[in-house]
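Working notes, beginning with the structure itself.
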Amino acid sequence: MSLLVDSSGKPFGDLPAGGRARADSGSIMPSHARVSDSSLFPYNAASYQTQEMADWYPFIRSPDSEINISRDIMVSRSRDLSRNDGWASGGITRILDNTVGAHMRLSANPDWQYLKRFSKKFDAVWADEYRKAVEALWRVYSEDLGHYNDVSRQLTISQQLRLALRHKLIDGDSLFVAHWMPERIGRGAAQYATAFLLVDPDRLSNPYQMLDTKFLRGGVEIDVDGVPVAYHIRQAHQNDWYNSAESMIWSRVEREDPDGWRRVIHDFERDRAGQNRGIGVFTPILAHAKMLARYYGVELQAATVATIFGTYVTSPYDPAMIEAGMESEGDELGFYQDLRAELSRDRPATLNGVRVPTLAPGEEIKQVAAAHPHVGFEDFAHEMLRSIASALGVSAEQITQDWSRTNYSSARAAMLESWKTLSRRNTEFKVGTATPMYASWLQEAMERGDLDDVLPSDAPEFVEAATAFSRCDWLGVARGWVDPVKEAAGSVMRMDGGLSTLKKEAAEQGLDWEEVIAQRAIEVAAFKAAGLALPEWAGEVAAAESAKPEETPQPR
């Protein structure tokens, strides 16, 4: 059946002999004339007549039908790659080290300008007092030595966040469930009932592995507007053999409690509208990465074979003499073999402790050398790694840790481009996971009255201005410098020119600007107390004041 029809709807294949229709006007032209591909298809991407496009007919599917049906096999392959492939494991480590790092520090920044509509007492001074009080409470909670912030009491909040981002990168989803555990209050340094459980995304699934429905997508229950209202989570992993009974029980956890307290924090990178589950960063390059890993194995085998040499002994007797000896009744061949064994046993030769066989007269050892046919391996592997690095959003040098081909300009350009992607991943993770966790804890802290000392008497309830109270940033990994001298000078110039602030420049290096100022004040005082000249970084005014001679009191 013809895929093209004329203006009347009649297939081209049914046109009278002697003519065919032009796709653009429907007119008849001679049969010997050929319709070009560009005439039938204004876009080459729609063509099916070329060799490249003839067998390329992917289906158009909804995002959930694309992901959820094939999620398990994609995730299992991504995990296997990250476990067993050094490049893949290194790529994930580079992303984690450049986004979350070892510690994420809260930098509270309430929206006091919005809060002013509730009370005139909300101003910049109040915001600074509130920030200090909240950050102190959060530090004790998030870094609790007893790990009471973790349901399993194993990790600090920063460690949970790092592991959650790892799940998001490899599995496609980060999933936290907040638990209310008042029985923990008063144990050690624990002062709050809020505790978080990081859940393996595999456990988020439809009950009894049923297919997706209109309101249930990959374990996420949605309403008519597509809003997630509940999550169906297995009580144990489906392949946890020691919890086989619990693995077949699903708990329905609502997204929020009636009072607005967030129970489930589900974070994933969205590629299409209407998507309810995520995919890992390795998904687009799984085939490339697997082929590269296989190529490495083949290359290693070839290199191993090339290092092996074979030896064989040639006899002075030709085949005819050997055959005659075998057929004769004499013992010439046996005498020859005995002679060889006697010479080897009685007169062994060694070289650096390795025994070298002693040959009978007329014999010689020859070597079989294995040729190595592979050339250009390094260039090919580097090109493949560039493809992997591009998908991960980092530079190839960051994955390979090979900077031998890099100069300052290229390293600087690579770092800036990678930093854009890493900053975007970091920001999305903070917005999607870290800040909601902080907001869940902050609601309990405010409702318990722990911040009453810094809140005005007419302050609104938390639920009335949750976004304004929870507004914050997170200090993580320093961006670093390729050339500390040039880039530090540029930082100073930006601040002197009014194009940047100490807060911004310090944050890029993972520092708290107020701690920097406080520490500098301590050091300046120490220099003065020791009678030492102040360094240049102390500032011109401070240095000038320090250089002034002390006035001697005059007697009256």
Completion exercise
Of (1) modelled with pLDDT of 75 or more; (2) under 23 Å from ALA414 (Cα atoms); (3) in a loop (DSSP other than H, G, I, E, B), ARG479 fails just (1)
Exercise for the section: State which residue pairs qualify: first residue over 22 Å from THR93 (Cβ atoms) and inside segment 400-424, second residue open to solvent by 60 Å² or more (accessible area, probe 1.4 Å) and modelled with pLDDT of 75 or more in any location, beta carbons under 6 Å apart, and separation of 6 or more residues or different chains. Expected result: none
Exercise for the section: State which residue pairs qualify: first residue free of Cβ contacts under 8 Å to residues at least 60 places away in the same chain and inside segment 49-71, second residue open to solvent by less than 40 Å² (accessible area, probe 1.4 Å) and assigned to a loop (DSSP other than H, G, I, E, B) in any location, beta carbons under 6 Å apart, and separation of 6 or more residues or different chains. Expected result: MET53/SER47
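Of everything in segment 116-143, what is farther than 19 Å from TYR438 by Cα and open to solvent by less than 10 Å² (accessible area, probe 1.4 Å)? Give them in sequence order.
SER119, PHE122
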Practice task
Kindly indicate whether any position in segment 436-457 is open to solvent by less than 20 Å² (accessible area, probe 1.4 Å) and charged (D, E, K, R).
Solution key: yes
Practice task
Would you mind finding the one in ILE265, ILE233 that is among the hydrophobic types (A, V, I, L, M, F, W, C), without any contact (Cβ under 8 Å) to a residue 60 or more places away in the chain, surrounded by 14 or more Cβ atoms within 10 Å (Cβ to Cβ) and part of a strand (DSSP E or B)?
Solution key: ILE233
Problem - Failed item in (1) farther than 30 Å from GLN398 by Cα; (2) in contact with a strand residue (DSSP E or B) (Cβ under 9 Å, 6 or more places away or on another chain); (3) of a type in the set (A, V, I, L, M, F, W, C), with LEU475 passing the rest - result: (1)
Handout entry: Test: LYS528 is open to solvent by 60 Å² or more (accessible area, probe 1.4 Å), modelled with pLDDT under 80 and among the basic types (Lys, Arg)
Key = no
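The values are calculated or read from the model by the stated rules, or taken from the named source; none is laboratory data. The shown structure was predicted, so the numbers you read here are calculated from the model rather than taken from an experiment. Neighbour counts are summed over all protein chains in view; Cβ atoms, including those assigned to glycine, are modelled from backbone coordinates with ideal geometry. Side chains are part of the model used for accessible areas, which takes the heavy atoms of the whole protein and leaves out ligands, DNA and RNA. Shrake-Rupley method; radii C 1.70, N 1.55, O 1.52, S 1.80 Å.
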